[in-house]
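Please treat every number below as a calculation from the coordinates, not as lab data. Please read all numbers here as calculations on a predicted model, not as lab measurements. Methodologically, a virtual Cβ is constructed for each residue, glycine included, from the backbone with ideal geometry; neighbour enumeration extends over all protein chains shown.
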């Protein structure tokens, strides 16, 4: 048995206690009132890196939520691996749907329920604990290590594109490994080939100087909610395709072989629909449900508000209406161009009698992909095959991790995903949980991955 395995086995009780402590910090990056909690979570991570034996640990300001850095650079001739994760979490609304309070972590069987348990605190901590096991159990790591652990991923990492060029040398590496990821199931691994990009806008429609009596003024002037509804209806066609001119111009179509690889990943349509509580799927014609979620761009309305919202009725003609829209992007779509196309489309479809403002949202990231034959991906596939007894499915994610594009552009570093969450763990939803078996497996798998990466990096 490797020394790191003996170390991990001996300290699991302590590791679980530490995970529960970490999960108690309500580090919701989207809420200004939680800014200090995000910073507190960052300090917890910095202290944990130091305790693991990592050198030069720093909490770096970004102009927003912080980034925690650390390194261990005592493996001459070996590659430098940058481990990435995030310690911020999603909001908990609607809190009344949680079985247990979201920041009072509760262990039920072999699961821990809490916000951030799977995304990303449990997965990220597993990587840190693996490094501790190597440093304390083996006496050294098989590669050089750096850490980039951020507190703003859940809001799109808005300060990271400006932050990273100032710290390019500090974060320079041969490969980035993201703990913000998962596996196909408890018994089936996956190798993530691509992440979608993201961008978004807020639409603000204003009319009269104040809310008005709908009987006295309705039918005489434009109603901002009607105007907004007209704009929103213009953005998509009835079949689900995006109606914004130029939206699909830069989309790279996948080859037949790539689509066949996607089709090999199991998908049970009826089970999927039943789990979601809907009767049928919907989306762009010509693509499977899996393909719509992994390789096609989308435009979705995430929120809409205006007028009277409380119980009962108030016959008001509102003076304003608002909506938030986000787009998930695929190669080679550019977020800036998509925002410009949205602004142009909305301006063209704005009805008379109202003022329409379109403001880009802070969430912003380019689509990201990795070749299946990249040396880091091959090493990860070998380790996953070793742990699961079968080769990983070649999959793509409908989600976005904006910093992966920044690593590519600013560091010239490819990012491979190596996390152990599973899609049913309710991240971004009530009753988020993490399998403690995955927490333990992730620790061992990270040790093995770092060993393998130290063996396979090609010579320059």
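Starting from the Cα of residue 390, step 7 Å toward the Cβ, then list every residue of segment 253-290 with an amide N under 18 Å from that point. Within reach of a label on residue 390, which here means backbone N under 18 Å from a point 7 Å along Cα→Cβ, segment 253-290 contributes 261-269, 271-272.
Dividing the summed helix terms, -39500 (n - 2.57) for each DSSP H run of n ≥ 4, by the number of residues in the chain produces a 222 nm estimate of -9500 deg cm²/dmol to the nearest 500. Remark: spin-label model distance residue 315-residue 276 equals 4.1 nm, labels positioned 7 Å along the Cα→Cβ axis.
The mean sequence separation of alpha-carbon pairs under 8 Å and at least six residues apart, normalised by the residue count of segment 1-96, gives a relative contact order of 25 percent. The peptide list 333-339, 233-239, put in order of mean Cβ contacts within 10 Å with the highest first, becomes 333-339, 233-239. Segment 415-440 to segment 178-238: how many Å between their Cα centroids? Result: 27 Å between the Cα centres.
Relative protection proxy for 320-329, 172-181, 11-20, from highest mean packing down: 172-181, 320-329, 11-20 (other beta-carbon atoms within 10 angstrom). Mean separation of Cα pairs under 8 Å and 6 or more residues apart, divided by the residue count, gives the chain a relative contact order of 26 percent. Using R0 = 51 Å, the C-beta based FRET efficiency linking residue 138 and residue 259 works out to 0.75.
Summarising the label geometry, the points placed 7 Å from Cα in the beta-carbon direction at residue 35 and residue 170 lie 2.0 nm from one another. With Cα atoms defining each centre, segment 1-65 and segment 359-396 are spaced 24 Å apart in the structure. The mean sequence separation of alpha-carbon pairs under 8 Å and at least six residues apart, normalised by the residue count of segment 387-457, gives a relative contact order of 19 percent.
Against the main long axis of the alpha-carbon atoms of the chain, helix 375-388 sits at an angle near 80°.
For residue 241 and residue 55, what does the FRET efficiency come to when R0 = 56 Å and r is the distance between their Cβ atoms, rounded to the nearest 0.05? About 0.60, to the nearest 0.05.
Placing a pseudo-label 7 Å from each Cα along the Cα-to-Cβ vector at residue 373 and residue 251 gives an inter-label distance of 2.8 nm. Each pair of Cα atoms in segment 155-279 enters the Kirkwood radius, and Stokes-Einstein at 25 °C and 0.890 mPa s then converts it into a translational diffusion coefficient of 116 µm²/s. The angle between the Cα long axis of helix 224-235 and the longest principal axis of the Cα atoms of the chain comes to about 60 degrees, rounded to the nearest 10.
Using Cα atoms only, what is the angle between the long axis of helix 35-52 and the major principal axis of the chain, expressed in degrees (0 to 90) to the nearest 10? Rounded to the nearest ten degrees, it is 10. Per-peptide packing, taken as the mean over residues of other Cβ atoms within 10 Å, places 223-232, 265-274 in the sequence 223-232, 265-274 from highest down.
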